[in-house]
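Take a look at the structure below.
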Amino acid sequence: MTDLIRIRRPDDWHLHLRDGPALTDTVAATAAQFHRAIVMPNLVPPVTTGDQAEAYKARIMAAAGAAPDSKVDGARSGPSKPFLPLMTLYLTDTSKPEAIRTAFEGGQAVACKLYPAGATTNSDSGVTALERLTDVLEVMQAIGMPLLIHGEVTDAAIDIFDRERVFIERTLKPLCQRFPKLKVVLEHITTSDAVDFVKAAGPQVAATITAHHLHCNRNHMLAGGIRPHYFCLPILKRSSHQTALRIAATSGDPKFFLGTDSAPHAVEAKESACGCAGCYTAPLAMQLYATVFDEMNALDRLEGFASRFGADFYGLPVNDDFITLKRQAWTVPDAMALGAAEIRPFLAGQTLGWTFETDTADSNQ
Ligand code: NCD
Ligand code: ZN
């Protein structure tokens, strides 16, 4: 049995860091494990311009400098290279193609995020009809700028468990036909329909998979009591979909790579009559993924999923330092700090079989 695995330092290709005092904690948690992260732009107000992205990046970098080492057991020391946030722009109905081109070519943003208006947390300024963005998408296709998609319809008549599948049929398939060279990441996929779509598409289409969708299905959230810390969007689906995700993530197919969608909300905002969507997985991300890959007898494929395929998709080099994961029981803390607030990490109080440590040994192997 493998008790220790050493892999190249991973990156998180879908992350919410929030802003203000929370940054110290969220950045420390991610920087303890990952070198780079694609940072979601759904702040209030959203990050829509290159200058806003650059200013947000500076706040994140400042927080990274100020961040203490993670307090989580098993995440002993910080990374050997400074954390690098990769910024994204939030598309709206009024996004302008030339401004997006300038932000991409000037290095202010690496991708654009499409939130269908009203689909999820802080998406009210999102796109109401993709037809409004034809000129933007043409430019993105031409310059090779990836479009990151929250793939759910917002039609109130569509059942929440069907919203991803219907989005693929109604919106994504026509979009990929109209823009056959556009680089697309279908974010945080939750269904076998999404797995099938991504596998059948060309190499320009990929998907991120979260740790919580690999660990859980809707029974974890709803059977025997309603558990708000399992509530995220897209919502957890039935176990057959979870199984499809676990197979895709551990298959070695480079179209599927790591994106935690770690989305922190203070404990009062989750434990509420109308609780917010989002699971805070960043402090235990690699422990969660390692547990699933171990269960699937696929630990030898973890490095591709976590540390190679995303970088390849974005045309970036893989990291040259390493991390180590150890088979060792570890209990997730009950509570953590989120600025002045308190937050419950995903699986708070539960015991996982793997711990994380940064490898301080020579990296050039
Ligand atoms: C995210 C958030 O809280 O910002 N929530 C979530 O449930 N995943 C938004 C998102 O990615 O949908
Ligand atoms: Zn997200």
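The values are calculated or read from the model by the stated rules, or taken from the named source; none is laboratory data. Just so you know, these numbers come straight off a predicted model, no measurement behind them. Methodologically, a virtual Cβ is constructed for each residue, glycine included, from the backbone with ideal geometry; neighbour enumeration extends over all protein chains shown. With ligands, DNA and RNA removed, areas are computed over all heavy atoms of the protein, side chains included. Shrake-Rupley method; radii C 1.70, N 1.55, O 1.52, S 1.80 Å.
So VAL166 clears everything in (1) more than 22 Å from ALA99 (Cα to Cα); (2) free of Cβ contacts under 8 Å to residues at least 40 places away in the same chain; (3) within 15 Å of ligand 1 (Cβ to nearest atom); (4) of a type in the set (Val, Ile, Thr) except one condition, right? Which one?
(3)
Please enumerate the residues belonging to segment 10-46 that are more than 16 Å from ligand 2 (Cβ to nearest atom), within 26 Å of SER95 (Cβ to Cβ) and charged (D, E, K, R).
Let us first name the residues in segment 10-46 that are more than 16 Å from ligand 2 (Cβ to nearest atom), namely 10, 20-21, 23-25, 27-28, 31-33, 35-36, 45.
Still in the running and within 26 Å of SER95 (Cβ to Cβ): 20, 23, 36, 45.
Listed by number, the list holds a single entry, ARG36.
In segment 28-47, what residues are within 16 Å of ligand 1 (Cβ to nearest atom) and either surrounded by 21 or more Cβ atoms within 10 Å (Cβ to Cβ) or of a type in the set (A, V, I, L, M, F, W, C) (or both)?
Once the filter is applied, which keeps residues that are within 16 Å of ligand 1 (Cβ to nearest atom) and either surrounded by 21 or more Cβ atoms within 10 Å (Cβ to Cβ) or of a type in the set (A, V, I, L, M, F, W, C) (or both), segment 28-47 yields ALA29, THR30, ALA37, ILE38, VAL39, MET40, PRO41, ASN42, LEU43, VAL44, PRO46, VAL47.
So, in segment 277-322, of the ones that are of a type in the set (A, V, I, L, M) and over 30 Å from ARG227 (Cβ atoms), which residue ends up nearest to the chain's Cα centre (by Cα)?
Going residue by residue through segment 277-322, those that are of a type in the set (A, V, I, L, M) are 277, 282, 284-286, 288, 290, 292, 296, 298-299, 302, 306, 311, 316, 318.
Now narrow it down to the ones that are over 30 Å from ARG227 (Cβ atoms): 311, 316, 318.
On the way: ALA311: 14, LEU316: 17, VAL318: 18 Å.
By that ranking, first place goes to ALA311.
Can you tell me which residue within segment 227-242, out of those that are assigned to a loop (DSSP other than H, G, I, E, B), within 16 Å of ligand 1 (Cβ to nearest atom) and over 17 Å from the mean Cα position of the chain (by Cα), is surrounded by the fewest Cβ atoms within 10 Å (Cβ to Cβ)?
The qualifying residue surrounded by the fewest Cβ atoms within 10 Å (Cβ to Cβ) is ARG227.
Can you name the residue in segment 267-287 that is away from ligand 2 (no atom under 16 Å from the Cβ) and buried (at least 22 other Cβ atoms within 10 Å of the Cβ) and is also farthest from ALA119 (Cα to Cα) among such residues?
GLN287
Looking only at segment 337-361, count how many residues are among the hydrophobic types (A, V, I, L, M, F, W, C) and open to solvent by 40 Å² or more (accessible area, probe 1.4 Å). Step through it out loud before you land on a result.
Keep residues of segment 337-361 that are among the hydrophobic types (A, V, I, L, M, F, W, C), which gives 337-338, 340-341, 343, 346-348, 352, 354, 356, 361.
Still in the list and also open to solvent by 40 Å² or more (accessible area, probe 1.4 Å): 337, 340, 361.
Final tally of qualifying residues: 3.
Among the residues of segment 243-259, is there at least one that is in a helix (DSSP H, G or I), under 20 Å from LEU17 (Cα atoms) and touching a residue at least 40 places away in the same chain (Cβ under 8 Å)?
So far as segment 243-259 goes, no, none of its residues is in a helix (DSSP H, G or I), under 20 Å from LEU17 (Cα atoms) and touching a residue at least 40 places away in the same chain (Cβ under 8 Å).
Among residues belonging to segment 327-336 that are of a type outside the set (Gly, Ala, Ser) and part of a loop (DSSP other than H, G, I, E, B), point out the one that is most open to solvent (accessible area, probe 1.4 Å).
ASP334
Do any strands (runs of 3 or more DSSP E) lying entirely in segment 10-122 carry at least 1 residues that are modelled with pLDDT of 95 or more and of a type in the set (S, T, N, Q), and which ones are they?
84-90
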